[in-house]
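Structure record follows, encoded as structure tokens.
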Amino acid sequence: MGLIKPHRVPDFLQRYFSSFVFKKDVREPTIYLTFDDGPIPEVTPWVLSCLKDFEAHATFFMVGDNVRKHPEVFKQVLEEGHLVGNHTFNHLKGWSESNADYLENIGLCQKCFAEVRLEENSFQKPLFRPPHGQIKPGQVKEIRDSYKIILWDVLTCDYDQSLKPEEILEKTIELTRSGSIVVFHDSLKAERNVKFVLPRYISHFKSLGFKFETL
């Protein structure tokens, strides 16, 4: 997906990579916010507070090692009605890993979820998002029957500290459409941008009648 600035994944790529979910077909104006790389106590609780202020729900793709270190934040996400998804245990890039090591790391993350979660979420398959969008065909083949693989329609690039938050906000609003799965990050690297962009982004689309739902 090698673009630097906020971008939408082209529709022809979404059609070609049919094993992945990039956006959802919806009847009512709906956006699917997702947050990658948490949970961490410095940012995730702020995100949760912002979502609560707007009565919005989201899906958090969590790094297993962060769940291990911050189980109380993981539980808070679930208690407040959001969903969680697997983002590997160590935020691995699938292109750089053997299939066996990558699959083992996904399993470690899922095991960590099972050890601290309060109750099962409602989706039939666990959700998985490959870090950096990197996953080999052989890795897809191994996990697609067990996990629903979620990519994105819109990437905010909120982690890019060279981008002005105003630029991220404007471009992300421009790219979003009903049914979009939109990637933000609850990480230290993204903290400055997400704290500026997220409330203004949600407020804009709420004023237009959009809902924010879990996947």
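The values are calculated or read from the model by the stated rules, or taken from the named source; none is laboratory data. Keep in mind it's a predicted model, so treat the numbers as computed, not measured. All Cβ positions, glycine included, derive from the backbone under ideal geometry; neighbour counts span all protein chains shown. Ligands, DNA and RNA are excluded from the accessible area calculation, which covers all protein heavy atoms including side chains. Shrake-Rupley method; radii C 1.70, N 1.55, O 1.52, S 1.80 Å.
Data overview
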| read-out | value |
| --- | --- |
| Computed lengthening from Phe17 to Gln76, 0.36 nm per intervening residue step minus Cα-Cα distance | 17.9 nm |
| The chain, accessible surface, carbon-and-sulfur percent (1.4 angstrom probe) | 49 percent |
| Magnitude of the charge dipole, segment 55-152, Cβ model with Lys/Arg +1 and Asp/Glu -1, debye to 20 | 340 debye |
| Cβ-based charge dipole, segment 1-136, positive-most Cα from Leu108, Gly94, Pro39 | Gly94 |
| Three-way shape label, segment 29-139, alpha-carbon gyration tensor, a/c 1.5 | prolate |
| Order by protection proxy (mean Cβ within 10 Å, highest first), peptides 33-39, 64-70 | 33-39, 64-70 |
| Inter-centroid distance (Cα atoms) of segment 166-191 relative to segment 91-120, Å | 26 Å |
| Probe 1.4 Å, accessible area per residue of segment 21-64, Å² | 40 Å² |
| Distance-filtered residues of segment 194-215 - backbone nitrogen under 19 Å, label point 7 angstrom along Lys164 Cα→Cβ | 194-201 |
| Probe 1.4 Å, accessible area per residue of segment 82-215, Å² | 46 Å² |
